[in-house]
1. Regarding the range 66-125, what whole-number volume in Å³ per residue does the convex hull of its Cα atoms give?
2. For a Förster distance of 25 Å, can you work out the FRET efficiency between the beta-carbons of residue 87 and residue 151, rounded to the nearest 0.05?
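Bear in mind that the values in this text are calculations on the coordinates, not laboratory data. Computed from a prediction, not measured in an experiment: that's the story for all the values here. Here Cβ is always computed from backbone atoms with ideal geometry, including for glycine, and neighbour counts include all displayed protein chains.
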């Protein structure tokens, strides 16, 4: 009689064991699905951030190039250093960077005076999981990058400072940006500030 009761207890415990193991497996697959979705979302955000920054950096480089073109005329410096009339046509770089991060740009454009907003979608889906429909789900993300002029100051030559005959070529004024000073010399490119010295590019908070 005792042996029969022990066999009966063992038979009753076996279904409970199967249920517990099945529950643990379900939780493991559920955590895996959540991890897959989180990784996919992180990938989308990385692609969006990189794309927005690339577009903004392209415009920053254009502005720095514009400054180099008018270096000999300090009266035109301030407008460029303020970002006035900047051409926000850097979205082509956003498409490149999104593709490099296995994503596709859904929308890219200027937002505000000196900023880009980029929306991307991942090329890869979340993948197969226990959650129905996730195998075709692609993550999306948005990012905004800002081009911020640094605090640059300089002094224009005063009236009559060109000398007695009016033909003397004066040295260009010193340019100070965020406590760093340059003395630009058109004959010496090593005296030129870099684009990042004139403009800061960062993601909007």
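1. Numbers: hull volume 4.7 nm³, N = 60.
About 79 Å³ per residue, rounded to a whole number.
2. On the way: r = 23 Å, r/R0 = 0.93.
Efficiency computed from Cβ-Cβ geometry: 0.60.
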